[in-house]
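Since the structure comes first, as structure tokens, the remarks are kept for the end.
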Amino acid sequence: MSDDAESCVVTGEDLRAALTEMKGYVDITVEDLMKIYTLALEKARVRQAHRIPVSGVMTTNVVSVTPDANVHEVATLLAENKISGLPVVDDQNRVVGLISEADVLSMTGVTREHTIKDVIRHILGESVPKQRHGETVRDFMTSPALTITPDADIREAAGILDEKRIKRLPVVDKEQRLLGIVSRADIVRAIGKT
């Protein structure tokens, strides 16, 4: 909400004028509308006060990899940094995908047998993961990557992580350039501090 919107106060006269301007019959009094407006404004203020932007909790020192990296490079980066996945970026630092430990195992030739979850997915009409072939990250990464913006609320990020059953989201600017990464652990730490 802008400073102008916060400093602007709606009066009963404003509400009467707005009701008069509406086409058709509205069965609400100015007093009822003012109560609704006041309650909604208070709810919005409380929501804004408890809002935590992704930029406030994200990790900015992000380890990433290019689409042309090989399995050894990815495995080394994951192991050395004690992480389970990496954003994949192009030469302009734009996020083009994600690569995880499971993808690295696929890159080494370890086949994943179908699990009960895969059988259920198949019954429900979803596609079952297929064995992939190739030698570079490009051949195994998940693309396009789910991303989030730095001004989004951490509740939105948590919702995406939960819904998609993923552990991390790259944080990008409007040109999809990598700014950071937000993980489940980042969100849990932020909630613990509030």
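Cβ-Cβ distance of residue 68 and residue 191, R₀ of 35 Å, FRET efficiency by 1/(1 + (r/R0)^6): the value works out to about 0.40.
So which of 82/164; 43/193; 35/174; 35/193 end up more than 30 Å apart by C-alpha? From the list (82/164; 43/193; 35/174; 35/193), the Cα-Cα distance tops 30 Å for 35/174; 35/193.
Across the range 137-148, rounded Karplus estimates of 3J(HN,Hα) from the backbone phi angles (6.51 cos²θ - 1.76 cosθ + 1.60, θ = phi - 60°) give 3, 3, 7, 10, 5, 8, 8, x, 7, 6, 9, 9 Hz, Gly and Pro being marked x.
What is the calculated FRET efficiency for residue 135 to residue 164, with r their C-beta to C-beta distance and R₀ = 30 Å, to the nearest 0.05? Efficiency, from the Cβ-Cβ distance: 0.65. By the count of other C-beta atoms within 10 Å, a proxy for reagent exposure, 105, 39, 179 are ordered fewest to most as 39, 105, 179.
Values quoted throughout were computed directly from the atomic coordinates according to the rules given, and no laboratory measurement underlies them. Just so it is clear, the structure is predicted and the values come from calculations on it, not from any experiment. Cβ sites come from the backbone with ideal geometry, for glycine too, and all protein chains shown count toward neighbours.
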